[in-house]
Amino acid sequence: MLIYGDLSEASLLIPCLRAGACGWLDKPASPSELELAIQEALAGGNPISHKARQILVAFFQRSPARIAAMWHLTKREFHILSSLAHPSNPSDKEIAQDLNLSPGTIHAHLAHIYAKLQVHNRQEAIDKWLSNAL
């Protein structure tokens, strides 16, 4: 799957690639750019626009420790927050099973995470995490 999208909402790039997209082409693109990207994708390549490459480099240069420190998250809170944003969209119960914790413990950590990020729900937390990770 090749994404032909608008990077004005940069938080979509990483989830799309994690969900299986092979590449990203920015809108607007010329017909020839679109044709070349499709050919590259069909040949097993990973066509990524210049702007998307810049976002990816910035994303991977940010260390988890710096992101966690930005909101004063514990290691466990950071791990839970990053699990929330996974493309498989795990439930709190699934996160609890993965971390060998009780669902109640996950709920307590989520309450602390929401307070530290100054958000009210799971989606707001994911959106804030992704926008600051990019």
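The values are calculated or read from the model by the stated rules, or taken from the named source; none is laboratory data. Please read these numbers as outputs of a predicted model, since none were measured by experiment. Every residue, glycine among them, receives a Cβ derived from its backbone with ideal geometry; neighbour counts consider all protein chains shown.
Results, tabulated for the structure shown:
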read-out: Any hit, the range 14-37, residues being touching a Lys or Arg at 6+ places or on another chain (Cβ under 8 Å) and not basic (K, R); value: yes
read-out: Criterion violated by I67 - all others in (1) in a helix (DSSP H, G or I); (2) under 23 Å from G5 (Cβ atoms) satisfied; value: (2)
read-out: Residue satisfying condition, being touching a residue at least 12 places away in the same chain (Cβ under 8 Å) and of a type outside the set (S, T, N, Q), within set E33, E40; value: E40
read-out: Candidates L12, L73, filtered to the one that is in a helix (DSSP H, G or I) and either of a type in the set (D, E, K, R) or within 20 Å of the chain's Cα centre (by Cα) (or both); value: L12
read-out: Residue that is modelled with pLDDT of 85 or more and either aromatic (F, W, Y) or more than 30 Å from P103 (Cα to Cα) (or both), where the choices are Q61, Q39; value: Q39
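The rows are residues; the columns are (1) within 21 Å of D127 (Cβ to Cβ); (2) among the hydroxyl-bearing types (S, T, Y); (3) surrounded by 13 or more Cβ atoms within 10 Å (Cβ to Cβ); (4) in contact with a strand residue (DSSP E or B) (Cβ under 8 Å, 6 or more places away or on another chain).
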{"site": "C16", "(1), (2), (3), (4)": "yes, no, yes, yes"}
{"site": "S30", "(1), (2), (3), (4)": "no, yes, no, no"}
{"site": "E40", "(1), (2), (3), (4)": "no, no, yes, yes"}
{"site": "A43", "(1), (2), (3), (4)": "no, no, no, no"}
{"site": "A58", "(1), (2), (3), (4)": "yes, no, no, no"}
{"site": "F78", "(1), (2), (3), (4)": "yes, no, yes, no"}
{"site": "S91", "(1), (2), (3), (4)": "yes, yes, no, no"}
{"site": "L101", "(1), (2), (3), (4)": "no, no, yes, no"}
{"site": "H112", "(1), (2), (3), (4)": "yes, no, yes, no"}
